[in-house]
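Input: a single structure, listed below in structure tokens.
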Amino acid sequence: MTTIAEKARATALRHQMLPPGIPVLVMVSGGGDSVALLALLATGELGTHPLRVLHVNHGLRGEASDGDEIFVRALCEGVGIQCRVVRYDVGAYASAEKLNIEDAGRRVRYRFAHEELDAWCAELGADPSSGRIAVAHTRDDRVETFFARAITGGSTGSLAGIAAVRDRVIRPLIDCDRAEVRTWLEASGTVWREDESNTDTARMRAYLREHVVPAAAVLNPAFRETLARTMDLLGDDDALLAEIAVEHARELTTSVPGEEVRLQRSGMLGLDRAMSRRVIREALIRCFPQASRLDSSHVEALRNGLAQDAFARDLPDG
């Protein structure tokens, strides 16, 4: 049987995640997946690299959140890895920015992770682009994300699920199932923390984990593997189409960053509808980064507006 170490090594090699000697910042929550990832990296199972840990205390679960922080500090001390802890009121941030808690927490974690990696690379005199942020998403996380986006709506690219690599962020466990990670931890006598909110089925991800994923497994016990292959195909197709859209955007749009985007009307109308939507989104994101989360209905309205002599549309976030 293939171990999670072997799977993680194969994933890292296939996606060229971990060139020798690069600095790796490991995001550790204290949960089983992140504890396993830290163990693999700390023991050299994924190569030899300078390591640091970042733990973000969201302050959402009172004593339980503080317990996670204490656990991660002790874990890092035990393996001799420097740990930075950031305390941040994610609840207040979510309210201020009108975000759901999960989205707010994700934004906060990655913001601090990139800041920490930049500062560490500066200390080392290393090119910041050479550093990596290692996170512990598994194939189960990818499957749950697929179902969530299929239910709430999303682009073809979003249905490809969580990417193995995105810029400096790497996910060595993305081809491992959560159950086999837990089995590996138990076999090695490794302890971890459980977040009780992960079982709160009032939250979509927990509901999917508790009800939808098991139902799919009844229909096809190997569905995680088959769905992962389908998501890989969707991702490959999306990457190719995105590359083409970038070229069209260069030819058919002009912009002043943060101020305005101009579309060449005749050229845009000559594109296939699906491609014109992609070009519009690409042009908007280049000018206004916050447009990455623009609802598809707005993009579709802009596409339809190209055919009108007079058109106006108010978009969110300014």
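The values are calculated or read from the model by the stated rules, or taken from the named source; none is laboratory data. Values in this document were obtained by computation on a predicted structure and should not be read as measured data. Every residue, glycine among them, receives a Cβ derived from its backbone with ideal geometry; neighbour counts consider all protein chains shown.
Quick notes on this structure:
- Residue match in the stretch 112-125 (condition: part of a loop (DSSP other than H, G, I, E, B) and outside the structural domain of residue 243 (by TED's automatic domain parsing)): yes
- Some residue of the stretch 28-43 being buried (at least 17 other Cβ atoms within 10 Å of the Cβ) and either part of a strand (DSSP E or B) or free of Cβ contacts under 8 Å to residues at least 24 places away in the same chain (or both): no
- A Cβ distance below 9 Å, combined with a sequence gap of six or more or placement on separate chains, defines the contacts here; from the stretch 292-318, residues that are on the phi > 0 side of the Ramachandran plot and part of a helix (DSSP H, G or I) reach no residue that is surrounded by 12 or more Cβ atoms within 10 Å (Cβ to Cβ) and among the basic types (Lys, Arg).
- Taking first residues from the stretch 169-194 that are in a loop (DSSP other than H, G, I, E, B) and partners that are at pLDDT 95 or above and hydroxyl-bearing (Ser, Thr, Tyr), the Cβ contacts under 7 Å between residues at least 6 apart in sequence or on separate chains come to 172/11; 173/138; 174/11; 174/138; 175/11; 176/138; 177/138.
- Taking (1) surrounded by 13 or more Cβ atoms within 10 Å (Cβ to Cβ); (2) over 20 Å from the mean Cα position of the chain (by Cα); (3) of a type in the set (Val, Ile, Thr) in turn, residue 226 satisfies each apart from (1).
- Any chance residue 52 is touching a residue at least 60 places away in the same chain (Cβ under 8 Å) and closer than 30 Å to residue 13 by Cα: yes
- Per-region count, the stretch 96-111, residues at pLDDT below 90 and either among the hydroxyl-bearing types (Ser, Thr, Tyr) or in a helix (DSSP H, G or I) (or both): 4
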